[in-house]
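Notes follow once the structure below has been shown.
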Amino acid sequence: MGTATSSMAAKFAFFPPNPPSYRISVDDEATGKLRISDVHHRDDVDVLKLTTKKGNEIVAMYVKNASASLTVLYSHGNAADLGQMFHIFSELSLHLNVNLMGYDYSGYGQSSGKPSEQDTYADIEAAYKCLEETYGVKEEDIILYGQSVGSGPTLELAIRLPQLRAVILHSPILSGLRVMYPVKRTFWFDIYKNIDKIPLVGCPVLVIHGTEDEVVDFSHGKQLWELCKEKYEPLWLKGGNHCNLELYPEYLRHLRKFISAIEKLPRLRNVSEQSTDEVVENSGNTTEQTRPSTDYKEKGRTTIGHREKSRLSTDSREKSRSSTDKRDKSRRSVDRSGKARNSIDQPERARNSFDRFGDMVRSVGLCSVDCLKQTAAEA
């Protein structure tokens, strides 16, 4: 039943550009190097085809920056593909001084298969694996960036990477159903349950959202930020809507500030090198490891820039490493509790709720990138 419902939800929630905005061609017959059509050839961009564990072949692009120390893995929004994002990715790599990998979800652009929640999880895994195995990028040097619906696969991967450097959420969603209907609890048939996953992310999180977002209400980004364990100063763009945040000067300025702060942080793998006394001093009891205290939440409202001076949340990193098993249990318990809550009235209430979900999702896409064409032209 869960698989069937997820498949139905996919038909409503995913809007790949039709036709795709680009084609793939062979740039060099001798090496078999690929290129994206209709964009200027760049030696610093690799175009790749990656096979996912679901058996789909997805297209990815890797923008190299010789002076970069960090790599961004970018999951784009709905109704977008690499052809539309090419210039934005290239500009971000240049101005943020990072390597950047972007990829198309299954069924998007020239990627094979059909889009679904589970397929997007397999897609981002394939892109992450490529960074590790092909480019030698380490987990602690990766920043995950999720835009709109891309916040779903981003957070799913983030909760499984205890040494991840940071996460950026751009116009993120609390969950698929909550985009359309202000439900107060998580239903078993919902997709991208970000509201349940964000407290499990142990690295610094930056949230960016427009206050006049007409697709994903500003309250989504605000609530996700409030639930973060490691808060970074958020960027609330006054008057910004769902697809024009890149046009605001503050957008790039705030991202630069965030990347600069993250570069100064010690890698999480160095936590194990602390003295026993320091680890004991920074470790809380079991309850505190799974849920930040009230005092910690207040501290979280300060910027990382301030926290650098006082040893940014070393205890939180230790907690994230020591509670990996606990997170897995928590993720399973969330799914089980969602099912248990709905098991009694599932035949009628769940069916009616899903009907409303379908009707609402049919009328609204999680993101449209028509307005991003202006961004690309500006770049």
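The values are calculated or read from the model by the stated rules, or taken from the named source; none is laboratory data. Nothing here was measured: the structure is a model prediction, and the numbers come from that model. Here Cβ is always computed from backbone atoms with ideal geometry, including for glycine, and neighbour counts include all displayed protein chains.
Can you tell me which condition F187 does not meet? The list is (1) closer than 26 Å to A80 by Cα; (2) at pLDDT below 95, and all the others hold.
Here F187 meets the rest and fails (1).
Looking at (1) basic (K, R); (2) within 20 Å of the chain's Cα centre (by Cα); (3) over 25 Å from R165 (Cβ atoms), which one does K53 not meet, given that it meets all the others?
Against the list (1) basic (K, R); (2) within 20 Å of the chain's Cα centre (by Cα); (3) over 25 Å from R165 (Cβ atoms), K53 comes up short only on (3).
Yes or no: D119 modelled with pLDDT of 95 or more and either under 23 Å from L200 (Cβ atoms) or touching a Lys or Arg at 6+ places or on another chain (Cβ under 6 Å) (or both)?
Working: modelled with pLDDT of 95 or more: yes; either under 23 Å from L200 (Cβ atoms) or touching a Lys or Arg at 6+ places or on another chain (Cβ under 6 Å) (or both): yes.
For D119, the condition - modelled with pLDDT of 95 or more and either under 23 Å from L200 (Cβ atoms) or touching a Lys or Arg at 6+ places or on another chain (Cβ under 6 Å) (or both) - is met.
Can you give me the number of residues within segment 65-123 that are among the charged types (D, E, K, R) and in contact with a strand residue (DSSP E or B) (Cβ under 8 Å, 6 or more places away or on another chain)?
Residues of segment 65-123 that are among the charged types (D, E, K, R), as a first pass: 81, 91, 104, 114, 117, 119, 123.
If we keep only those that are in contact with a strand residue (DSSP E or B) (Cβ under 8 Å, 6 or more places away or on another chain) too, we end up with 104, 123.
Adding up the residues that qualify gives 2.
Provide a single number: the residues in segment 192-204 that are aliphatic (A, V, I, L, M) and buried (at least 24 other Cβ atoms within 10 Å of the Cβ). Before the answer, list the steps.
Filtering segment 192-204 for residues aliphatic (A, V, I, L, M) gives 195, 198, 200-201.
Pick out the ones that are also buried (at least 24 other Cβ atoms within 10 Å of the Cβ) and you get 198, 201.
So the count comes out to 2.
Considering only residues that are more than 17 Å from Q118 (Cα to Cα) and basic (K, R), which ones fall in segment 177-201?
Once the filter is applied, which keeps residues that are more than 17 Å from Q118 (Cα to Cα) and basic (K, R), segment 177-201 yields R178, K184, R185.
If only one of R256, R269 is modelled with pLDDT under 95, of a type in the set (D, E, K, R) and surrounded by fewer than 24 Cβ atoms within 10 Å (Cβ to Cβ), which one is it?
Numbers: R256 fails: modelled with pLDDT under 95.
One residue alone meets the criteria, R269.
For (1) among the aromatic types (F, W, Y); (2) farther than 24 Å from D81 by Cβ, each residue gets a yes or a no:
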residue	(1), (2)
P162	no, yes
P172	no, no
C203	no, yes
V215	no, no
W225	yes, yes
K231	no, yes
C243	no, no
E250	no, yes
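H87 is checked against (1) in a strand (DSSP E or B); (2) out of contact with any Asp or Glu (no Cβ under 6 Å at 6 or more places or on another chain); (3) of a type outside the set (S, T, N, Q) and fails just one. What number does that condition carry?
That leaves (1) as the condition not met.
Looking for something in contact with a strand residue (DSSP E or B) (Cβ under 9 Å, 6 or more places away or on another chain), crowded, with 21+ Cβ neighbours inside 10 Å, over 21 Å from D119 (Cβ atoms) and among the charged types (D, E, K, R) - is there at least one such residue anywhere in segment 165-176?
Looking through segment 165-176, at least one residue is in contact with a strand residue (DSSP E or B) (Cβ under 9 Å, 6 or more places away or on another chain), crowded, with 21+ Cβ neighbours inside 10 Å, over 21 Å from D119 (Cβ atoms) and among the charged types (D, E, K, R).
Have a look at L161, L177 and point out the one that is within 16 Å of the chain's Cα centre (by Cα) and either at pLDDT below 95 or on the phi < 0 side of the Ramachandran plot (or both). Please lay out each step first, then the result.
Numbers: L177 fails: within 16 Å of the chain's Cα centre (by Cα).
The conditions single out L161.
For segment 56-80, which residues satisfy the criterion of being hydroxyl-bearing (S, T, Y), surrounded by fewer than 22 Cβ atoms within 10 Å (Cβ to Cβ) and either in a strand (DSSP E or B) or more than 22 Å from the chain's Cα centre (by Cα) (or both)?
Quick first cut of segment 56-80, residues hydroxyl-bearing (S, T, Y) only: 62, 67, 69, 71, 74-75.
Narrowing the set further to residues that are surrounded by fewer than 22 Cβ atoms within 10 Å (Cβ to Cβ) leaves 67, 69.
Of everything in segment 56-80, just one residue is hydroxyl-bearing (S, T, Y), surrounded by fewer than 22 Cβ atoms within 10 Å (Cβ to Cβ) and either in a strand (DSSP E or B) or more than 22 Å from the chain's Cα centre (by Cα) (or both), namely S67.
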